[in-house]
Amino acid sequence: MIDLKVLRDDPQRVRDSQTARGEDAALVDAALEADANRRAAVAAFDKVRAEQKLVSKGIGPLHGAVKKAADDSARASAQAELDKQMLIATDLADLVKAAEATQRDADVAADAAVAALSNVIDPAAPIGSEEDFVVLDTVGEPRDFLAEGFEPRDHVEIGQLLGAIDIERGAKVSGSRFYYLTGVGALLEFALVGLAMDLAQRNGFTPVIPPALVNPAAMEGTGFLGQAAENVYRLEADDMYLVGTAEVPLAAFHMDEVLDADSLPLRYVGYSPCFRREAGSHGKDTRGIFRVHWFDKVEMFSFCPPDQADAEHQRLLTWEREFLDALELPYQVIDVASGDLGASAARKFDCEAWIPTQQRYRELTSTSNCTQFQSRRLKIRMRDENGIAPLATLNGTLCAITRTIVALLENHQRSDGSVNVPAALRPFFGNREVLEPINPAR
RNA sequence: GGAGGCGUCGCAUAGUGGCCUAGUGCGCCCGCCUGCUAAGCGGGUUGGGGAUAAAACCCCUCGAGAGUUCAAAUCUCUCCGUCUCCGCCA
């Protein structure tokens with residue numbers, strides 16, 4: 001949810017942001033109107049409710065006056081007054097009920113209208129659509145396989161040779177975009193998680209194994225039931241959702257809480273399965289495990305004071321880069337354009353690793369600064385010397401297992417189908433230096 | 001899954017239809033007193049919203065929602081959480 005103060009005081013800023021995202025700027029004026037309606041309805045209710053309380057409060061003593069009346073005429077006049085006040089009170093009760101209903105409707109409408117607005121983009125973010133990203137840095141050199149004298153195999157082939165990835169059986173058991181990691185493939189996941197967790201812990205993150213199944217409040221508060229709703233798995237019978245990222249349970253961890261500003265930034269690193277329906281991506285990345293309905297991921301999440309969010313965002317990016325550096329992968333860092341930001345993000349950096357068989361850089365990790373957008377919805381606030389205010393939330397991928405495996409196998413393959421294990425990963429992989437083929441080529 | 005108990009301010013507790021404008025203790029904050037500390041004394045201390053130049057002020061908030069009533073922490077219903085016992089189970 002965006003800041004109502006900004007909406008009221010500087011609506012043009014919000015309109016410009018909507019436009020830059022390629023979204024409807026008219027939603028801003030609809031939200032302004034709904035907000036004005038709400039305030040009018042609140043004022044009307046407050047007024048009639050205050051009146052009702054006043055009258056109602058007088059009725060108790062009137063009952064007493066009737067009981068204690070000294071004589072019949074005093075009793076009759078007290079009773080008359082009581083009857084009169086009761087009539088007024090009954091009328092007021094009807095008015096209150098009506099005003100309350102009006103207010104509730106106006107409230108719901110205003111909430112919906114404001115919730116339809118995406119986060120106000122960071123002015124530093126490049127303006128444009130998906131392809132208008134800015135490359136901030138390029139690290140490492142793609143290998144020249146031609147010069148090395150062999151054609152690189154793709155991760156599906158290598159995975160088959162190593163006995164690491166079983167896509168056919170994944171499809172048999174669960175359908176398309178499913179897989180099994182087997183043998184060194186399974187061990188590779190543990191090694192990657194070990195390396196990622198180690199890096200995170202050294203940087204002050206609290207490791208978390210979060211629930212991957214959450215209630216509607218958590219899913220909605222995180223902002224995934226808006227434009228991303230079609231990609232979320234919902235369990236109809238239980239009204240629960242399968243998370244698409246640990247960002248959801250990590251963000252919701254402090255839902256409805258007020259955190260001490262001195263304890264910030266609070267950093268958590270979660271390891272969880274991620275479930276994605278991949279609606280609207282039919283025909284995209286159909287081969288292998290690059291785009292799947294389920295994968296595991298190590299995700300960083302940070303709660304921090306708003307004025308430190310930019311710096312924290314840079315730190316998250318730095319840790320993402322350290323991880324890719326450790327894996328010795330060539331990659332580039334991009335500043336994602338306004339039209340390609342999620343609804344919650346004000347700014348986003350992606351790290352894209354070179355995929356040799358695709359001859360291009362593909363997204364491996366991503367870090368978003370959601371400013372106070374998520375925390376307002378989730379009611380996560382901080383208390384400092386200035387009082388209570390929403391805080392900033394940020395998230396960043398440390399390791400999306402399947403895509404990392406794709407990049408690792410393809411970039412570190414050798415002509416005989418074996419794969420080099422990068423030095424940093426070996427301590428988490430039984431000091432293994434090379435993964436050798438165990439299956440014949442098909 | 002069955003039976004029962006319990007959800008009140010940071011914590012602990014009082015409150016069974018109108019003196020509740022939710023009391024008290026602890027903790028915390030400010031002040032007084034005091035060689036210093038402790039004690040003592042006085043005041044403050046849920047959160048959200050409306051109004052305002054800022055206030056005063058007003059409304060909502062006793063797990064959530066609905067209902068009864070002129071009036072609900074209090075009565076009724078539904079849901080959620082939690083605890084105890086029984087059953088089942090990785």
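The values are calculated or read from the model by the stated rules, or taken from the named source; none is laboratory data. Just so you know, these numbers come straight off a predicted model, no measurement behind them. Positions of Cβ are generated from backbone atoms using ideal geometry, with glycine treated the same way; all protein chains shown enter the neighbour counts. Protein only, heavy atoms only, side chains kept; ligands, DNA and RNA dropped before computing areas. Shrake-Rupley method; radii C 1.70, N 1.55, O 1.52, S 1.80 Å.
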Within the set of pairs 6 or more residues apart or between chains, which connect a residue that is within 23 Å of A:Leu398 (Cβ to Cβ) inside the range A:241-258 to a residue that is away from RNA strand B (no atom under 14 Å from the Cβ) and among the polar types (S, T, N, Q) with Cβ atoms less than 6 Å apart? A:Ala246/A:Ser272; A:Glu247/A:Asn395; A:Val248/A:Thr222; A:Ala251/A:Thr222; A:Ala251/A:Gln374; A:Ala251/A:Thr393
More than 30 Å from A:Arg8 (Cβ to Cβ) and out of contact with any Lys or Arg (no Cβ under 7 Å at 6 or more places or on another chain): does that describe A:Ala40? no
Kindly indicate which of A:Arg347, A:Arg376, A:Arg362 is in contact with a strand residue (DSSP E or B) (Cβ under 9 Å, 6 or more places away or on another chain), within 30 Å of A:Gly163 (Cα to Cα) and open to solvent by 20 Å² or more (accessible area, probe 1.4 Å). A:Arg362
Working only within the range A:322-334, note down all residues that are surrounded by 18 or more Cβ atoms within 10 Å (Cβ to Cβ) and not aromatic (Phe, Trp, Tyr). A:Leu324, A:Leu327, A:Leu329, A:Pro330, A:Val333, A:Ile334
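Residues checked against (1) β-branched (Val, Ile, Thr); (2) under 29 Å from A:Gln359 (Cα atoms):
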position: A:Pro306; (1), (2): no, no
position: A:Gln314; (1), (2): no, yes
position: A:Val333; (1), (2): yes, yes
position: A:Lys348; (1), (2): no, yes
For the range A:53-62, what are the residues that are near RNA strand B (Cβ under 6 Å from one of its atoms) and over 17 Å from A:Gln79 (Cβ atoms)? A:Lys53, A:Ser56
Just to be sure I understand, how many residues within the range A:124-171 are in a helix (DSSP H, G or I), farther than 26 Å from A:Val292 by Cβ and not hydrophobic (A, V, I, L, M, F, W, C)? 2
Being in a helix (DSSP H, G or I) and under 29 Å from A:Arg383 (Cβ atoms) is the filter here; which residues of the range A:319-346 pass it? A:Trp319
Would the range A:295-305 turn up any residue that is farther than 20 Å from A:Leu250 by Cα and out of contact with any Ser or Thr (no Cβ under 6 Å at 6 or more places or on another chain)? no
Over 26 Å from A:Thr206 (Cα atoms) and either out of contact with any Gly (no Cβ under 8 Å at 6 or more places or on another chain) or open to solvent by less than 20 Å² (accessible area, probe 1.4 Å) (or both), is that true of A:His313? no
Within the range A:30-52, residues within 7 Å of RNA strand B (Cβ to nearest atom) and touching a residue at least 60 places away in the same chain (Cβ under 8 Å) come out as A:Val42
Quick check, is A:Ile289 hydrophobic (A, V, I, L, M, F, W, C) and in contact with a Leu (Cβ under 7 Å, 6 or more places away or on another chain)? no
Turns out the strands (runs of 3 or more DSSP E) fully within the range A:359-423 with at least 3 residues that are under 26 Å from A:Leu324 (Cα atoms) and out of contact with any Gly (no Cβ under 9 Å at 6 or more places or on another chain) are A:360-369, A:392-400
Residue match in the range A:384-391 (condition: more than 16 Å from RNA strand B (Cβ to nearest atom), open to solvent by less than 50 Å² (accessible area, probe 1.4 Å), over 18 Å from A:Pro142 (Cα atoms) and not aromatic (Phe, Trp, Tyr)): no
Among the residues of the range A:19-29, is any within 16 Å of RNA strand B (Cβ to nearest atom), outside the structural domain of A:Ala389 (by TED's automatic domain parsing) and touching a helix residue (DSSP H, G or I) at 6+ places or on another chain (Cβ under 8 Å)? no
Scan of the range A:282-318 for residues that are in contact with a Lys or Arg (Cβ under 6 Å, 6 or more places away or on another chain) and acidic (Asp, Glu), ordered by number: A:Asp285
Please work out which residue is nearest to A:Val28 (Cα to Cα), limiting yourself to the range A:78-97 and to residues that are surrounded by 13 or more Cβ atoms within 10 Å (Cβ to Cβ) and more than 9 Å from RNA strand B (Cβ to nearest atom). A:Leu95
Take the range A:408-422 and flag every residue that is in contact with a strand residue (DSSP E or B) (Cβ under 8 Å, 6 or more places away or on another chain) and within 24 Å of A:Pro207 (Cβ to Cβ). A:Leu408, A:Val421
